[in-house]
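Take a look at the structure below.
The values are calculated or read from the model by the stated rules, or taken from the named source; none is laboratory data. Because the structure is a prediction, the values reported are computed rather than measured. Methodologically, a virtual Cβ is constructed for each residue, glycine included, from the backbone with ideal geometry; neighbour enumeration extends over all protein chains shown. To get the accessible areas, we keep the full protein, side chains included, count just its heavy atoms, and leave off ligands, DNA and RNA. Shrake-Rupley method; radii C 1.70, N 1.55, O 1.52, S 1.80 Å.
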Amino acid sequence: MIYSLILQVATRLLIPLLLVFSVFMLLRGHSHPGGGFVGGLIAGSAFVLYAFSRGVGAARQVLRFEPQTLLGVGLACALGSGILALIQGEAFLTGLWADLYLPGGIHLYLGSTLIFDIGVFLVVIGTVVLMMFSVEERGPAVIPSRRNDTS
Amino acid sequence: MEDLDGFLLWAVFISLAIISLAILGAFVRLIRGPSLPDRVIAIDLVAYLTMGFLATYSVLIQEETYIDVALVLGLLAFLGTVAFARYIERIHAEEETTEL
């Protein structure tokens, strides 16, 4: 299949926007609409767009990890944020919060819910990319078998 | 809603009515469209009109998060249209190979 030049140039402009916006959505999710799921959906669609414009092989190279690895790491992150609370003697998945005063007047208010959200983020990226890659890779292979059925 | 003065309120209401009618018209094309590309473009049009509706509605209720929803919708609608275009292209490629 020939990949369109218009789409290649357009995705080059769109993909950074999508990835930055996905991280923005992920970090804003605590107190506003957004969160890991929407962010993961946007980041996953960026990689799907890349696969549409350059082919699945190129998209796999850009992603660097297998989608299954992302799924596993994401689930491990979500589980780890729950176990962190268990270690502290709280109920499973209780949000833990830490006030950090870094040198230079930086005030960080970190919570374990962010780890859970990053886990959801990775799981959604892995799922979306895995589904679209397998559909794209199967696509051309289906056509000859269908042609044999009709003839 | 009280924050908007009379003229802006009327403008927002009239825009919402017109955009709703346009979405209705696009849905008619979606149902009646004789060919697949007609339907794909109708879906595209519905998505972009919904973006306009969300932006206008965010003016009405003074809530800026709807703008972000419209942005996400626009990016995903673009992806959906590209996917449909590839699907249609693949069907045509298949027809050409079977004709040969």
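What the table below lists for this structure:
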read-out	value
Candidates B:Val69, B:Val82, B:Val40, B:Val12, filtered to the one that is open to solvent by 50 Å² or more (accessible area, probe 1.4 Å) and among the β-branched types (Val, Ile, Thr)	B:Val69
Verdict on A:Arg54 being basic (Lys, Arg) and more than 12 Å from chain B (Cβ to nearest Cβ)	yes
From the options A:Ala98, A:Ala91, A:Ala85, residue that is over 17 Å from the mean Cα position of the chain (by Cα), among the aliphatic types (A, V, I, L, M), more than 19 Å from A:Glu136 (Cα to Cα) and part of a loop (DSSP other than H, G, I, E, B)	A:Ala91
Residue list for region A:113-151, restricted to those being among the hydroxyl-bearing types (Ser, Thr, Tyr), modelled with pLDDT under 80 and in a helix (DSSP H, G or I)	A:Ser145, A:Thr150
Residue within region A:30-38 that is touching a Lys or Arg at 6+ places or on another chain (Cβ under 9 Å) and at pLDDT below 85 present	yes
Helices (runs of 4 or more DSSP H) (entirely within region A:1-82) containing at least 3 residues that are open to solvent by less than 10 Å² (accessible area, probe 1.4 Å)	A:5-28, A:36-54
Evaluation of A:Leu110 against (1) touching a strand residue (DSSP E or B) at 6+ places or on another chain (Cβ under 8 Å); (2) assigned to a helix (DSSP H, G or I); (3) among the aliphatic types (A, V, I, L, M) (one fails), failing number	(2)
Residue identified as away from chain A (no Cβ under 14 Å), open to solvent by 70 Å² or more (accessible area, probe 1.4 Å) and either more than 19 Å from A:Pro33 (Cβ to Cβ) or in contact (Cβ under 8 Å) with a residue 40 or more places away in the chain (or both) among B:Val28, B:Val59, B:Val46	B:Val28
